[in-house]
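What follows is a single structure, written as structure tokens, with notes after it.
The values are calculated or read from the model by the stated rules, or taken from the named source; none is laboratory data. Model, not experiment: these values are computed from the prediction. No Cβ is skipped: glycine too gets one built from the backbone with ideal geometry, and neighbour counts run over all protein chains shown.
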Amino acid sequence: MNETTRDRSKRARMLKPGSPAFAELQLVDSDRRDADDYRIEPGTVTRLTPNVRRLTAANPGYMTGPGTNSYLVGSGGDIALIDPGPLGDDHLGNLLGVAERIRWIFVTHTHPDHSPAAAVLKAATGATLIGLPAPVGEHQDRTFRPDVLPVDGERFPLSGCTLRAVHTPGHASNHVCYLLEEERLLFTGDHVMQGSTVVINPPDGDMAAYIDSLRLLQGAGIAHFAPGHGFVIGAPDEMIELLVRHRFLRERKILSAVTRLRSSTLEALTPLVYDDVPPFKHQWAARSLLAHLVKLRRDGAVAETDGVWSPG
């Protein structure tokens, strides 16, 4: 595994705006050029900025995209690691191989693809674990036991730079983003993902809190998002507007379906509301649908009795 500089002589043509990697190439390559094969390769280190390197775990899938991104932050000998990712000998070895000294491990949230490697890395390095404990419920990593619980707005001086915690509940109640202040780069975990929307899975996932947390980031002067899955994202305020608009359009579609059916179950609503999503993803779409319905019930727009939904 080597840290690589891509060969400019192989770059074929201008990458078009709207391409998944466009904003990242603007950040790492001022010529904004790259060959068609630019991609995220698990096990390969990509330097994004003078203070940030990315190393992606080999856990690709339709829920994780190319894999879970781990970020190494710092310009000196002491390194902060953001989201150590899942357990896996290769990824753990790669992280230990490229970090001069991991002193801090920050976790955005405790879903199984983001935090399980933290305990093993702490044992190997003595690093301080920073993040919020796992909430009650399924699909949580209970091996994560933080040494420091970050408070919203708390600043963490690192080697040559500073991270600031931003509490962003919604995808998970214990979700925290971290802003690299000097570069205005926000590590978003699963709050914002590149290439897809995130699943909001009740009861821990909360759609209203998620939308509020998205709005919190607008106008905050963030230059780029560094997501837990996928490439760096540019134009953060525009991205947030698109995400919020998408959620409200989905909400309108839900209200229309509930009104039309008058009395319906989650199972009946899912294929109607997510007719634009492949059926193999409906099991996860149904979780976000439930999160929307819970929000709408709280708003008084729908009612529910024994799992049957009707107009409010």
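State which residue is nearest to G189 (Cα to Cα) when the search covers only the range 102-134 and only residues that are in a loop (DSSP other than H, G, I, E, B) and more than 18 Å from the chain's Cα centre (by Cα).
Step one: filter the range 102-134 for residues in a loop (DSSP other than H, G, I, E, B), giving 107-116, 126-127, 131-134.
Within this subset, residues satisfying the condition of being more than 18 Å from the chain's Cα centre (by Cα) are 126-127.
Values: G126: 23, A127: 20 Å.
The qualifying residue nearest to G189 (Cα to Cα) is A127.
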> How about the range 40-70: which of its residues are buried (at least 16 other Cβ atoms within 10 Å of the Cβ) and polar (S, T, N, Q)?
Replying inline: T46, T49, N51, T56, N59, T64, T68, N69, S70
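Quick grid of which residues meet (1) crowded, with 21+ Cβ neighbours inside 10 Å; (2) small (G, A, S); (3) out of contact with any helix residue (DSSP H, G or I) (no Cβ under 9 Å at 6 or more places or on another chain); (4) farther than 26 Å from L216 by Cα:
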site: G97; (1), (2), (3), (4): no, yes, yes, yes
site: R103; (1), (2), (3), (4): no, no, no, yes
site: A117; (1), (2), (3), (4): yes, yes, no, yes
site: A123; (1), (2), (3), (4): no, yes, yes, yes
site: G126; (1), (2), (3), (4): no, yes, yes, yes
site: G131; (1), (2), (3), (4): yes, yes, no, no
site: F144; (1), (2), (3), (4): yes, no, no, yes
site: V148; (1), (2), (3), (4): no, no, yes, no
site: D152; (1), (2), (3), (4): no, no, yes, no
> Tell me, which residue of the range 169-201 that is within 11 Å of the chain's Cα centre (by Cα) and of a type in the set (S, T, N, Q) is nearest to N51 (Cα to Cα)?
Replying inline: T188
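Do the conditions hold for H191, that is, is it closer than 19 Å to G170 by Cβ and not assigned by TED's automatic domain parsing to the domain that holds D306?
Details: closer than 19 Å to G170 by Cβ: yes; not assigned by TED's automatic domain parsing to the domain that holds D306: yes.
Yes; evaluated as a whole, the condition is true for this residue.
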>> What's the total number of residues in the range 57-101 that are within 21 Å of the chain's Cα centre (by Cα), β-branched (V, I, T) and at pLDDT below 90?
In response: 1
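Every residue, every condition in (1) closer than 19 Å to I130 by Cβ; (2) crowded, with 23+ Cβ neighbours inside 10 Å; (3) at pLDDT below 95, yes or no:
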residue	(1), (2), (3)
Y178	yes, yes, no
E181	yes, no, no
T197	no, no, yes
N201	no, no, no
D206	no, no, no
A209	no, no, no
L214	no, no, no
L217	no, no, no
> Mind checking which residues of the range 57-77 are touching a Leu at 6+ places or on another chain (Cβ under 7 Å) and either farther than 16 Å from C177 by Cα or not in a strand (DSSP E or B) (or both)?
Replying inline: G74
> Considering the range 129-151 alone, what residues qualify as being farther than 16 Å from H171 by Cβ and of a type in the set (D, E, K, R)?
Replying inline: R142, R145, D147
> What is the number of the single condition among (1) within 18 Å of the chain's Cα centre (by Cα); (2) of a type outside the set (A, V, I, L, M); (3) within 22 Å of L179 (Cβ to Cβ); (4) surrounded by fewer than 19 Cβ atoms within 10 Å (Cβ to Cβ) that H139 does not meet?
Replying inline: (3)
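For the range 135-149, name all the residues that are assigned to a loop (DSSP other than H, G, I, E, B) and either touching a strand residue (DSSP E or B) at 6+ places or on another chain (Cβ under 9 Å) or not assigned by TED's automatic domain parsing to the domain that holds I200 (or both). Show your work before the answer.
We begin by selecting, within the range 135-149, every residue assigned to a loop (DSSP other than H, G, I, E, B); these are 135-147, 149.
If the condition is that a residue be assigned to a loop (DSSP other than H, G, I, E, B) and either touching a strand residue (DSSP E or B) at 6+ places or on another chain (Cβ under 9 Å) or not assigned by TED's automatic domain parsing to the domain that holds I200 (or both), then F144, R145, P146, D147, L149 are the ones that fit.
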> Can you tell me which residue in the range 6-56 is modelled with the highest pLDDT, limited to those that are assigned to a loop (DSSP other than H, G, I, E, B) and either of a type in the set (F, W, Y) or touching a Pro at 6+ places or on another chain (Cβ under 6 Å) (or both)?
Replying inline: I40
> Quick check: is even one residue across the range 155-176 among the aliphatic types (A, V, I, L, M), free of Cβ contacts under 8 Å to residues at least 60 places away in the same chain and in a loop (DSSP other than H, G, I, E, B)?
Replying inline: no
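Which one of these is closer than 25 Å to T64 by Cα, out of contact with any strand residue (DSSP E or B) (no Cβ under 8 Å at 6 or more places or on another chain) and part of a helix (DSSP H, G or I): V244, V294, V277?
Working: V294 fails: closer than 25 Å to T64 by Cα; V277 fails: part of a helix (DSSP H, G or I).
Step by step, each of V244, V294, V277 is checked, and only V244 is closer than 25 Å to T64 by Cα, out of contact with any strand residue (DSSP E or B) (no Cβ under 8 Å at 6 or more places or on another chain) and part of a helix (DSSP H, G or I).
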